[in-house]
1. Quick check on the stretch 3-25. Is at least one of its residues in contact with a Phe, Trp or Tyr (Cβ under 6 Å, 6 or more places away or on another chain), open to solvent by less than 60 Å² (accessible area, probe 1.4 Å) and either at pLDDT 80 or above or within 26 Å of L120 (Cα to Cα) (or both)?
2. Taking the criterion of being touching a His at 6+ places or on another chain (Cβ under 9 Å) and either in a helix (DSSP H, G or I) or exposed (fewer than 14 other Cβ atoms within 10 Å of the Cβ) (or both), would at least one residue in the stretch 162-175 satisfy it?
3. Give the residue that is modelled with the lowest pLDDT, with candidates limited to residues of the stretch 57-79 that are open to solvent by less than 50 Å² (accessible area, probe 1.4 Å) and over 14 Å from the mean Cα position of the chain (by Cα).
4. Name the pairs whose Cβ atoms lie under 7 Å apart, with the first residue in the stretch 170-182 and free of Cβ contacts under 8 Å to residues at least 60 places away in the same chain and under 16 Å from R129 (Cβ atoms), the second hydroxyl-bearing (S, T, Y) and buried (at least 19 other Cβ atoms within 10 Å of the Cβ), and 6 or more positions between them or separate chains?
Amino acid sequence: MKGNSLKNQVTTGRFTLPVAILLSTACWAVAGILLPELSATRSLGEIADRLVPFVLPDWLGWAISFLLYIFTAYLLIALNNAFGLIRIRASVQSAIFLLLIGICPGLHLFYTGSIVPVPLLLSLYFLFRSYQDHKASGNLFYSFCFLGISTLLLPALMWCVPLWLLGTYNLQCLTLKSFFASLTGWFFPYWLLLGHAFFFMVK
């Protein structure tokens, strides 16, 4: 009976997330010891390689990647608490996320995929904040700006732009002003990149 009670507390109670973090950390440590051939010198992507011209040491790449995934798990909890996306305990999705990342050693390396979830979740946060707000231009600008940053790092996410626009319609916040604010936010990171490229081309 005690064993069953402890198991229920771990799977459904407040111990879920700490246990998931411990198991995920153990998986990272075991992978680092048993799979030394995994190298953090993987390409970050064409744009990121230009912005980060040096190669990170393996241990630093793994540490940065781990911290980014922990921050992503925290953002999942914050997103659920802010908008009540699911009706079960808020830490369950973060625990599952950390466990799935922990058992995939290839994802422990620092590369573009480690960074992308952070701006993508921030984009969703501002998108959900615009629900039934007819003056949601600011929130939609930020949402599409973070989505634009995500598309810079992972161009395949361009397919999300029409989905985000459809989401603004379903969230009843799409007006002509908010539509153009969304497009401006989406293009904003590209304008910054264009200015950066122009400066170095002229130089």
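The values are calculated or read from the model by the stated rules, or taken from the named source; none is laboratory data. Note that this is a predicted model, so its numbers are computed, not measured. Backbone-built Cβ (ideal geometry, glycine too); neighbour counts: all protein chains shown. With ligands, DNA and RNA removed, areas are computed over all heavy atoms of the protein, side chains included. Shrake-Rupley method; radii C 1.70, N 1.55, O 1.52, S 1.80 Å.
1. Restricting attention to the stretch 3-25, the residues satisfying the condition of being in contact with a Phe, Trp or Tyr (Cβ under 6 Å, 6 or more places away or on another chain) are 9.
Still in the running and open to solvent by less than 60 Å² (accessible area, probe 1.4 Å): none.
No, the stretch 3-25 contains no residue that is in contact with a Phe, Trp or Tyr (Cβ under 6 Å, 6 or more places away or on another chain), open to solvent by less than 60 Å² (accessible area, probe 1.4 Å) and either at pLDDT 80 or above or within 26 Å of L120 (Cα to Cα) (or both).
2. Kept after step one, since they are touching a His at 6+ places or on another chain (Cβ under 9 Å), are these residues of the stretch 162-175: 172-173, 175.
Going one step further and asking which of them are either in a helix (DSSP H, G or I) or exposed (fewer than 14 other Cβ atoms within 10 Å of the Cβ) (or both), we end up with 172.
Yes.
3. Result: G61.
4. Between residues of the stretch 170-182 that are free of Cβ contacts under 8 Å to residues at least 60 places away in the same chain and under 16 Å from R129 (Cβ atoms) and residues that are hydroxyl-bearing (S, T, Y) and buried (at least 19 other Cβ atoms within 10 Å of the Cβ), the close pairs are L171/S130; C173/S130; L174/T168; S178/S137; S178/T168; A181/S137; S182/T168.
Quick grid of which residues meet (1) touching a strand residue (DSSP E or B) at 6+ places or on another chain (Cβ under 7 Å); (2) among the aromatic types (F, W, Y); (3) open to solvent by 50 Å² or more (accessible area, probe 1.4 Å); (4) over 20 Å from I77 (Cα atoms):
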{"residue": "V92", "(1), (2), (3), (4)": "no, no, no, no"}
{"residue": "G106", "(1), (2), (3), (4)": "no, no, no, yes"}
{"residue": "P119", "(1), (2), (3), (4)": "no, no, no, no"}
{"residue": "F126", "(1), (2), (3), (4)": "no, yes, no, no"}
{"residue": "R129", "(1), (2), (3), (4)": "no, no, yes, no"}
{"residue": "Q132", "(1), (2), (3), (4)": "no, no, yes, yes"}
{"residue": "K135", "(1), (2), (3), (4)": "no, no, yes, yes"}
